[in-house]
1. From (1) of a type in the set (S, T, N, Q); (2) within 22 Å of M125 (Cα to Cα); (3) open to solvent by 50 Å² or more (accessible area, probe 1.4 Å), pick out the condition that doesn't hold for T9.
2. In contact (Cβ under 8 Å) with a residue 12 or more places away in the chain, assigned to a loop (DSSP other than H, G, I, E, B) and closer than 23 Å to R15 by Cα: which single residue out of G28, G134, G60 fits that description?
3. Could you tell me how many of the residues in segment 15-56 are open to solvent by 70 Å² or more (accessible area, probe 1.4 Å) and under 12 Å from the mean Cα position of the chain (by Cα)?
4. Could you tell me which residue of segment 57-84 is most open to solvent (accessible area, probe 1.4 Å), considering only residues that are closer than 17 Å to R111 by Cβ and either among the charged types (D, E, K, R) or in contact with a Phe, Trp or Tyr (Cβ under 9 Å, 6 or more places away or on another chain) (or both)?
5. Please list, ordered by first then second residue, the pairs with beta carbon atoms under 7 Å, 6 or more apart or interchain, first in segment 70-82 and outside any helix (DSSP H, G or I), second open to solvent by less than 50 Å² (accessible area, probe 1.4 Å).
6. Only one of D110, D101 is without any contact (Cβ under 8 Å) to a residue 24 or more places away in the chain, open to solvent by less than 70 Å² (accessible area, probe 1.4 Å) and either aromatic (F, W, Y) or out of contact with any His (no Cβ under 9 Å at 6 or more places or on another chain) (or both). Can you tell me which?
7. Restricting to segment 93-142, count the residues that are under 17 Å from T51 (Cα atoms), modelled with pLDDT under 95 and of a type in the set (D, E, K, R).
Amino acid sequence: MNLDEWVQTAPRALRESPLWKVRVYQIGTYVARLAGQDAAALERHPRLAGTVSQLVKSAGSVPATVSEGYSRQSRRERIKYYEYALGSAREATTWYSNAADTLPAEMVDDRLTLLARACQLLLKMIQNERKGKGRDFPKDLP
């Protein structure tokens, strides 16, 4: 199943959230799911024990941190969390690269392509926030 197919079948609670419209959140959530599945194959190789836990943690951090940043009212806070998510996406890229000789090449390439797209989107989101073009909150919020 690819990303777009998964997006259509994701749990309804996710799909009904305003956050679901943020493509990098969709990608991050999908990659986190894949990393959890990939961990099973990687755990069979004792030399990758550290890689497995770091991969799962960094991949899961991408959507978690995007969602935390998305929920912030302050542009400065959103930028900070989007930068954290960018760091996590780059970290997950490194861990997948470390596992490249263990997982099928096509699988690793797919994961790296998804993470590269997440990085591109996060960089654009950060840039937009810095230019004041990010998401605005209603003025009447406390």
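The values are calculated or read from the model by the stated rules, or taken from the named source; none is laboratory data. Keep in mind the model is a prediction, meaning the values are calculated, not measured. Cβ: placed from backbone, ideal geometry, glycine included. Neighbour counts: every protein chain shown. SASA here: full protein model, heavy atoms, side chains in, ligands and nucleic acids out. Shrake-Rupley method; radii C 1.70, N 1.55, O 1.52, S 1.80 Å.
1. For T9, the exception is condition (2).
2. Within the list G28, G134, G60, the selection yields G134.
3. Residues flagged as open to solvent by 70 Å² or more (accessible area, probe 1.4 Å) and under 12 Å from the mean Cα position of the chain (by Cα) within segment 15-56 amount to 2.
4. K57
5. Taking only residues 6 or more apart or on different chains, the pairs are R72/R78; R72/Y81.
6. Exactly one of D110, D101 is without any contact (Cβ under 8 Å) to a residue 24 or more places away in the chain, open to solvent by less than 70 Å² (accessible area, probe 1.4 Å) and either aromatic (F, W, Y) or out of contact with any His (no Cβ under 9 Å at 6 or more places or on another chain) (or both), namely D110.
7. 1
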